[in-house]
Amino acid sequence: MVPNGFAFEIEYDREKQTILLVREYENEVIQVKTYLPHLVTEGEGEGEGDDKDNEDKCSPLDVSVSKKNGTSLNFRCSACYKIGDITVHSISLKKNSESNEDEGEE
């Protein structure tokens with residue numbers, strides 16, 4: 001259930017096992033995409049210890065903040081459930097007029 005006033009639009013793609021959150025804020029579009037590779041799919045059993053296994057999982061996050069002119073700031077992150085932490089692995093700036101990315105790593 002989505003709380004009232006949640007600022008992001010939610011798009012769920014069951015086939016690709018992804019969730020995309022999208023929001024426009026002033027002159028920027030913010031997108032957060034997560035991949036759910038550890039979802040229990042139909043036909044898989046739920047054995048003992050599955051809850052503990054899920055607590056140890058981290059989900060990759062791709063975060064993009066784009067300007068109307070096509071320039072975007074992109075973050076590659078991971079969110080870990082057990083420790084409630086988000087780690088930024090890399091940051092890149094993509095300019096519309098250039099095909100190259102300037103990239104910096106943490």
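The values are calculated or read from the model by the stated rules, or taken from the named source; none is laboratory data. Not measured: the values here are computed from a predicted model. Each accessible area value is taken on the protein alone, full model and side chains, heavy atoms only, with ligands, DNA and RNA left out. Shrake-Rupley method; radii C 1.70, N 1.55, O 1.52, S 1.80 Å.
Here are a few things to note about the model shown:
- Nonlocal amide H pairs with Thr71, under 5 Å, H built at 1.01 Å: Asn96
- If you sort Ile30, Ile86 by accessible surface, 1.4 Å probe, largest first, the order is Ile86, Ile30.
- Eligible lysines near Lys94 by straight Cα distance, threshold 17 Å, same-chain separation 8 or greater: Lys67, Lys68
- Here the 3J(HN,Hα) profile of segment 73-87, calculated from phi with Karplus coefficients 6.51, -1.76 and 1.60 at θ = phi - 60°, is 10, 10, 10, 9, 9, 9, 10, 9, 5, 4, 9, x, 10, 10, 10 Hz, Gly and Pro shown as x.
- Residues with amide H under 5 Å from that of Lys57, placed H, sequence gap 5 or more: Tyr81, Lys82
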